[in-house]
Each structure stands twice: as C-alpha cells, then as structure tokens.
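Everything below concerns the one structure shown next.
The values are calculated or read from the model by the stated rules, or taken from the named source; none is laboratory data. Note that this is a predicted model, so its numbers are computed, not measured. Cβ sites come from the backbone with ideal geometry, for glycine too, and all protein chains shown count toward neighbours.
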C-alpha cells in the first residue's frame, strides 16, 4: 500500500462512495427488516426477490421503453406476487415455529431463480443506464456517476415516505403496535391477517425496488440475489432485526466500512462486512437498535 | 436468443438419452461393439450455463461426426453429460460416478479452474484420460500434471501475453483490477510479465473479492492512478460488472480497458454499450471462418445441426477436445488409455482454428490466440457480430511457460 | 421449536404399555438399526459415490442435529467445522505425510477446538442472532482459508493427498474400490452413531432437551445452561469435523465450498427435511436431498425448480420432516386411541 498517495480528496470520494453503497444496503435491509419486525419471519428468498425485481424492471422496460415505468411498475408487479406468496404459502404457517417459514422461503428462493432461468434464460440480460441519468457529476473532490447519486435520492425518498407512513398515520400506528404485540391488536378487533398481508407485500416490493435500482449498476442475472442476501442479513442484524432506524444506520455504516476497507486493504473488502458484524454482535448481541433479549 | 428454448430442449433430450444409454452400456458385456463412453462434467446450471450449453452442443457435434464416419471400426461413441453445478465437490462425485458406475473410458469437460483440478485429481489417481477445456495455469504445472492429463483450453499466460503484446507500449501506465483468487493472480502475473518485457509501467494494482457485485468503492482510487490502460483481470460476471461500473465512473473516457479473455455469451448478456471498445483475447470467434478453412467447416456443421446458430469460444473448446480425442482413438485403434495417450501426444490436428498439438511435457494444447475488440452497437452487422479480430497470434511453444519453469523434468 | 417425537416418547404415560415398550426398544436399538439400514445403501442407490456422500452428509446432519434438533440452537455456521475437518485431514496427509487415521484424529480435534472458540462467543446470543453470529464467524473462517492459499490451495481447492489404501493396524483396505470405501466410511459413521446414541441416552441428553423445551425452567432447576450449550456445541462440531474428514478422504480434494455458507445451509435443510430432533431423521434428509438432486439433475437442467417446490411442499404438509412424520404416525398407530 502506497500511503503517500492517500490524499484528502480521495478519502472524501471514498466516504461518498461508501454512503452511495450504503444507500443500496439500506434499500436491501428495509424490506427484510419490515417483514421480520411485523411477521417474525426471516425471508430467505429476499435476495432472490431483489433479483426478480430487476427482471421485472427489464420486462417493463422492454415493453414501455421507459425506465420510470420500470421503476414504478416493477416493484408493484413483484409486490403483487408477494401478496400471493403471503396468502397461499406464508399464512398457512401461522402458529408454526418460525423455522418453518425460513425453510419455506429458502425453497421459494430456488423456485424464483429457476423460474427466471426458464423465462429469461440463464445468461443474464443487459440493462442500460437511462439516458437522462447517465454520465458523471463533478463533486469537487472527484467524479461520481449521476445515476448513483439518483439512487441515494430515491432511497431517501422511500425512507421519508415510510417514516411519515409509520409515524404520522393511523395505519402506521397499528403496524407499529402489531410489531410489538399482535395478540392485543387482535383483541382490539384489528384484522391482523389483513395487515400482515400488506406488510409482507410492502417488504417484497421494497426488495424488488432495490433490484430495479441496482439493474443499471450491476449485470442482471439469475444469481444476482445470492451475494445480496448475505449483505442484507448482515446489515439487518447489525442494525437490529426489525428496527427500521437500525437498518438505515447500519446500512450507511456498513457502506462506509466496506468502502474504507476497499481503499486501505481492498482484498479484505468482503470480509470486512462480516468482521464488523461479528464485532457489533459481540458487544451488543441484539444489534445496534434491536430490543435486548429478543430472539426467535 | 431465439434458439434458446430449442437448444435447451435438445440438451435435455441429449442428457436423458445419454443417461438411458449409460444404463444400457453398463448392462452390455465388454466386447468389440462396446460403445465408447466419454464422460462430460460441465456446469449446465449456474452462471456459466450458456457456455456449458455450447460446450455440450459442440461436443455432441464432434461425436456425431465421428459416428457418421463409422466410429472406431464400427464402435460408436457417446457423450455422458453430467451437471457439475460449477462446484468442485459435485464435480468430483460426478466424475467418480462416471468412472465407477457408467464405466466411462475418457473424461472431457469442466468450466472453472477449481472444478477442472478436482476432476483431474479423480482421473489421475484412477489413470483415466482427462481432457480439460477450462482455462488455468495451474493444471500445466508438474504438481497437478499426470500422464493422463491434457489441457485443450488456453491458459492465462497465453491470453495475457497476446493482449499485452497488442495493447501495451513502452512507457504506458497500466492499472490492474484483479479478482483475488488463483485465476485472477495468474492473469495478473501474465500481464506483469509481459509489461516488464515491453517496458510498460504499473500505475497500481487493486485486488477485489472474487464474486463481488459492486466495484464502485474501487473506482475513485483506480481513477486517481491516472492510468493509460485499465487492465481488468477477472472473469464472467465479475468482468461484466466491473467493466460496466468502470464505464459508469467515466474511466473508459480516460483509459483503455483491456481484459485477458472476452466471452461471447457474457458480452451478449451485458450488452454492447458496456463492452464497446474493450480489448481481450479469445480462443475462438466465429468470424475466424473468413481466413481459416477449418473454422468455416466447424461453423457450417454447427449451423446445420443447431438451426443456424454460430459456435462460441467454449463451444470450440468442447469441439476441439472431443475431436482430438476421437482422432487419437482412431490413430491408436483402441480405447486403451496408454495407447490413446501416446497417440494424443503425437497428434497434429486442425479442427476449428488452424493447426494445434499437445506439448509433450505438460500436454498443453499449442494453439493460436485471437486478440479481439468488442464492437460498438452501430458497427454490428448482425446479432452475432460482436467482435473485431485485431490479431491472430499463431500457436507456438515459445508462447508457453517453459517445461522447466513448470517443474517438468526433461 | 417443533414438537418432536422424542418428547412424545418422553411424555408417554408411566405405565409401560406394549407400544411404549416397542418404542423403547426402537429407541434403545436405534444406532444398530440405523447401521443395519445403511448397510444396504450402496446396493439401492444409483451409484456408490452417491451412497458415500449420503453417509458423509448424513453424519454431518446428525452432528448438526445434536445442536439444532436436540439443544434447540439454530446455527448457520457449521460449514466451519465440516470444512476444517476436511482441510486438516488433507493438509496433514498431503503436506505432513501423516497416516490417514492420525490425520483424521487431528482433524476432529481441530474441529473441536474451533467449535469451542466459535461456541464460546456465539452462545451469548439467541435465536436469529445466534444464527447470524455463527454465520459471520464461519464466513471469517472461509475467508481465512481463501487467503491462506499456501496451505489450502485457495479457490482452486486442496489437492495432492489421494488416499488409495486405508490402514487399520495390520489390515489395510483399497479405498479406490468404491464398495470397500463405502464400508470403511460406514465403519466411522457407525461408530459415531453409536456414540451419539449413547450421548443422547445419557443424563446430558436429557439436559439439552430440557434446555430446548424451556431454557428458563432448566436454569431454575440448577442446570448450568451456558456450559451445557457450549458442550453440545463442541460435540456437534466434533462430529461435523469427522464428517468433513471423511469427505476429504472420499473425494481426495477439499473444495473451498466445503467452508461456504451453502454447506452450512445443507446441514439445516437436510435436518429439517428428515426431521429435526429425531435420531435417524437427518440421515433420511441427507438421503432424500442428495438422491433427489442426483435424479433430477439427470433429467432436467431445471432441477432446482423441482427441489425448491419439494421444500415448500414439505414445510406446508410434512413439517416434522420425513422421518419425524413417519415416527409420529407410528406412535399414533400403536399408542393412539
């Protein structure tokens, strides 16, 4: 490592890259965390839903020619699929141990990957960066792709929407109460099954949105969800399973940790995330914002 | 890909037939009319499914031509395709099955450095002839070599030397982005060796985790190195992702991107924009038919068999490996491993890309290396018109690492 | 946790009815019966290589089940022990020229030490966090093996330690012969099964099940929960290490994948498909998963679609796994009203 070439501009750029990468991680962790927090389910197909989202984006893009339509309709299509999954596969498991849902979604992951291979082939599909968002922007300290800045914006928008929805609406109040104690809600006459259905659909749609957002940055292929699953888990666990604030903070933190490792010891960049996770959990076994003593 | 469904069905049918025949072959007593069975482990599923499919189709074509020409004194050959799932443990199990249960006479196949080495480990301890069609430097080295080990594919030493010869100049600054695993290190070693001979300078090198999806965190540093050439030493999906992201960061505007190997199917998957102008090596590109008669013959046979499709790089490996093996069989007049090894060692063959032979000390196929450049969209005359051939480096033993260096004693 | 057949047995009425006696016998003879069943495998399965895989992954899943099914700890990092067992065996034979038996002994010990270390830090957390800590630590082992390529061969895998003959004192067996290899591996697996059966029948076995059923109550009864969990973790690691050692001997290579999270997932899947918390269930799971994969991948490149569908159907309709459901049905038939 040539330390002499480490100037402040490079460090600033690296920090910014970390935040941009962190925004993607936040997007990945949100859906996972929402579903876990509300339904108590660890969705092992999360990475593959992300992949299906990217393909849904390609599908809409090919038919409409519009990236914006893909960004909107892709997640809606996959979210609708999520509703079906909840209704016909997850709901029958009510009252069963949480491991069952874990194995079921594990199997679902296989089905999604193979389904995409059958429909779209196994080699992957191209997805060009939309014309109006391509190119690089000069940040003063270096150049950064406009598209990645756009992704940060979209994630921020999603976060604000979620926050307003959860903290400022009656529905949000019910959802938060449901995450804490579903039995009380049931006693109070709330149709909790209905709530679970929509929360699951929302979590799936968020994962799919992550997939559509990632499509112009990464190659779209049936295996693109595999790496993502590990990343989403790491971030969610570091932040505290079920905590949205935790997902946001942990996502950004992990992004910066990975980015700084990439600068200082690049070959350690992928181990960094897991080392960081092990470290956090050793100090705080429930994650940064998790409830203590909380477990399956 | 229009022929996707058709070819997949052919493949499934082929595998089913292969499986059924395998059962029959086992039941039949060993005799003069015994079928010649070639086991073919390859990653039918997974990220290199498209390449594997081409390997299988080309290998099937070679078998069909052999059988149509009368086989080995009437003995016909068959291909036993097995899915190795791109996993060395799975490949080892499948190879054991092919040898122990299906009584395969020979093994050809694999599509990853680790998988071919594991297959080779099984075959060499059981003295079964194996022709690898996956790229690696390691399999040439004395430690993994055996008398029954053959390597039809190119290796990183050959591809990087050809690419460097064509793109590096004295004094140019080269930055390397390298996948952190054996194959990545082999590619880096090859490029740096060539750079030293040419007089190119190293602007810096960054190792990235194998299989990474996001390369954005490496880009600011690569850019700060101000290279003339960005040399991306990785493969498959890693390559497509890193080239795409280097593009997004505007690196292609300031540096020329070169890679050791450009793959036909990966270029199709990533689209023309990402790869436009990228230079790399290949063992085969179908437009070789303009200058090489055997390439024309191979392409025509392939087109006729598979609805007009053209063969790809890994397809050519599968074809050349099986064809050369079957030619050696005929020369040896038997399926006896020792005799076929002797015949392969002295065989000169030209089946798809000009003259080739296996070098005596390490059984590496001495063959030409193509240096190709990905075309921009507007230059493409058809869907399959992906690359320009910049150079054809003729095959020569001088282009390989010396037998001495590999640890082979004379 | 799932309601498990062992619990069904444990809570049977105190009056020894005929059925309870029969089940008691089944339980007492479970290890010999299992070994007897395994003797027939190489003649029933499509290939002997596959049969050896079933033995190895079966033992791996049985070892895993000790922790998951019986103690109730869902680990996602058991590849670390399987892979360590495999790597230490290969390195000890290939690099240091040890005899296979000595190498395997060393490998099992190494897996045990690693399990002690990983267990000590991970048992502090619970539920999904426990799963994630074990996953993270196993990933660290994976990357360590990837980086230490001088020892492990890195991504290319470890090679160059083919064992052609396996010696036990004065006798040696040609294990390049697939059938001989099967029975040599079965000797190890059988011995391991006898030991596991003894462990489960001991007071320790009762204690870990008490922890699984209700940790708070177990603690109130004066059980040192942490120490017991740690011991269960180490025992589990030892058997998974043995499975890894046998894997190295079987395939004569150690792929880096043996340490990957996919391999950890295999243990979970096989255990659940067979039936968590049953003695022979994990073996049935290994058999079902491996045979299904083998058969399907010959028929279609889309075998994963069928595999995934089978998992989903299992969870929905056979939640106790193949063996667990069979045992429950058996119990209902014999002892039911």
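Restricting attention to segment C:134-156, does a residue exist that is more than 10 Å from every other protein chain (Cβ to nearest Cβ), within 17 Å of residue C:252 (Cβ to Cβ) and free of Cβ contacts under 8 Å to residues at least 24 places away in the same chain? There is no residue in segment C:134-156 that is more than 10 Å from every other protein chain (Cβ to nearest Cβ), within 17 Å of residue C:252 (Cβ to Cβ) and free of Cβ contacts under 8 Å to residues at least 24 places away in the same chain. Selection of helices (runs of 4 or more DSSP H) fully inside segment C:32-110 by the criterion of at least 1 residues being at pLDDT 95 or above and crowded, with 24+ Cβ neighbours inside 10 Å returns C:48-65, C:79-94.
Checking the conditions here, which among A:45, A:12 is surrounded by fewer than 18 Cβ atoms within 10 Å (Cβ to Cβ) and either touching a helix residue (DSSP H, G or I) at 6+ places or on another chain (Cβ under 8 Å) or within 30 Å of residue B:226 (Cα to Cα) (or both)?
A:12
Here residue B:311 meets each of (1) buried (at least 24 other Cβ atoms within 10 Å of the Cβ); (2) in contact (Cβ under 8 Å) with a residue 40 or more places away in the chain; (3) closer than 23 Å to residue B:178 by Cα; (4) touching a helix residue (DSSP H, G or I) at 6+ places or on another chain (Cβ under 7 Å) with one exception, condition (3). Determine whether segment A:62-75 contains at least one residue that is within 14 Å of chain B (Cβ to nearest Cβ) and over 18 Å from the mean Cα position of the chain (by Cα). Checked against the condition, which is being within 14 Å of chain B (Cβ to nearest Cβ) and over 18 Å from the mean Cα position of the chain (by Cα), segment A:62-75 yields at least one hit. Residue B:115 meets the conditions (1) buried (at least 24 other Cβ atoms within 10 Å of the Cβ); (2) out of contact with any strand residue (DSSP E or B) (no Cβ under 6 Å at 6 or more places or on another chain); (3) at pLDDT below 95 in every case but one. The failed one is (3).
Per-residue answers, yes or no, for (1) touching a residue at least 12 places away in the same chain (Cβ under 8 Å); (2) more than 18 Å from residue A:40 (Cα to Cα); (3) touching a helix residue (DSSP H, G or I) at 6+ places or on another chain (Cβ under 9 Å); (4) within 14 Å of chain B (Cβ to nearest Cβ):
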{"residue": "A:130", "(1), (2), (3), (4)": "yes, yes, yes, yes"}
{"residue": "A:144", "(1), (2), (3), (4)": "yes, yes, yes, yes"}
{"residue": "A:148", "(1), (2), (3), (4)": "yes, yes, yes, yes"}
{"residue": "A:157", "(1), (2), (3), (4)": "no, yes, no, no"}
{"residue": "A:167", "(1), (2), (3), (4)": "no, yes, yes, no"}
{"residue": "A:200", "(1), (2), (3), (4)": "yes, no, yes, no"}
{"residue": "A:222", "(1), (2), (3), (4)": "yes, yes, yes, yes"}
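Is segment A:282-293 home to any residue that is under 27 Å from residue C:146 (Cα atoms), facing chain C (nearest Cβ under 8 Å) and assigned to a helix (DSSP H, G or I)? Among the residues of segment A:282-293, at least one is under 27 Å from residue C:146 (Cα atoms), facing chain C (nearest Cβ under 8 Å) and assigned to a helix (DSSP H, G or I), which makes the answer yes. Within segment A:111-124, the set of residues being modelled with pLDDT of 90 or more and within 11 Å of chain B (Cβ to nearest Cβ) comprises A:113, A:114, A:117, A:118, A:119, A:120.
When the criteria are applied in full, residue B:74 fails the requirement of being away from chain A (no Cβ under 14 Å) and at pLDDT 95 or above. On the stretch given as segment B:203-230, residues that are more than 25 Å from the chain's Cα centre (by Cα), under 21 Å from residue B:160 (Cα atoms) and within 11 Å of chain A (Cβ to nearest Cβ) total 5. Within the set A:199, A:228, A:220, A:237, the sole residue that is closer than 22 Å to residue A:106 by Cα and touching a strand residue (DSSP E or B) at 6+ places or on another chain (Cβ under 7 Å) turns out to be A:220. Filtering segment B:170-195 to residues that are more than 22 Å from residue C:146 (Cα to Cα), outside any helix (DSSP H, G or I) and in contact with a helix residue (DSSP H, G or I) (Cβ under 7 Å, 6 or more places away or on another chain) leaves B:170, B:174, B:175.
The residues of segment B:96-119 that are within 8 Å of another protein chain (Cβ to nearest Cβ) and touching a residue at least 12 places away in the same chain (Cβ under 8 Å), listed by number, are B:96, B:97, B:101, B:113, B:114, B:117, B:118. From the list C:292, C:327, exactly one residue is in contact (Cβ under 8 Å) with a residue 24 or more places away in the chain and more than 13 Å from residue A:103 (Cβ to Cβ). Which is it? Checking each option against the conditions leaves just C:327. The set of residues in segment C:113-142 being touching a helix residue (DSSP H, G or I) at 6+ places or on another chain (Cβ under 7 Å) and surrounded by fewer than 21 Cβ atoms within 10 Å (Cβ to Cβ) consists of C:116, C:120, C:121, C:140, C:141.
For segment A:95-108, which residues satisfy the criterion of being more than 7 Å from every other protein chain (Cβ to nearest Cβ) and in contact (Cβ under 8 Å) with a residue 60 or more places away in the chain? Passing the criteria: A:98, A:101, A:102, A:105. Evaluated against (1) within 14 Å of chain A (Cβ to nearest Cβ); (2) under 26 Å from the mean Cα position of the chain (by Cα); (3) touching a residue at least 24 places away in the same chain (Cβ under 8 Å); (4) not in a strand (DSSP E or B), residue B:161 falls short on exactly one condition, (1).
Scanning segment B:231-283 for residues that are on the phi > 0 side of the Ramachandran plot and more than 18 Å from the chain's Cα centre (by Cα) yields B:250, B:271, B:277.
Only a single item in (1) free of Cβ contacts under 8 Å to residues at least 12 places away in the same chain; (2) within 11 Å of chain A (Cβ to nearest Cβ) is not met by residue C:299, and it is number (2).
Taken over segment A:224-255, the criterion of being under 15 Å from residue A:287 (Cβ atoms), within 13 Å of chain C (Cβ to nearest Cβ) and in a helix (DSSP H, G or I) is satisfied by A:232, A:233, A:234, A:235, A:236, A:237, A:238, A:239, A:246, A:250, A:254. Looking at C:249, C:223, just one residue is away from chain A (no Cβ under 11 Å) and outside any helix (DSSP H, G or I), and that residue is C:223. Restricting C:119, C:112, C:58 to residues that are away from every other protein chain (no Cβ under 14 Å) and more than 22 Å from residue C:181 (Cβ to Cβ) narrows the list to C:112. Each residue in segment B:233-272 was checked for being within 7 Å of chain A (Cβ to nearest Cβ), part of a helix (DSSP H, G or I) and in contact with a strand residue (DSSP E or B) (Cβ under 7 Å, 6 or more places away or on another chain), and 2 pass.
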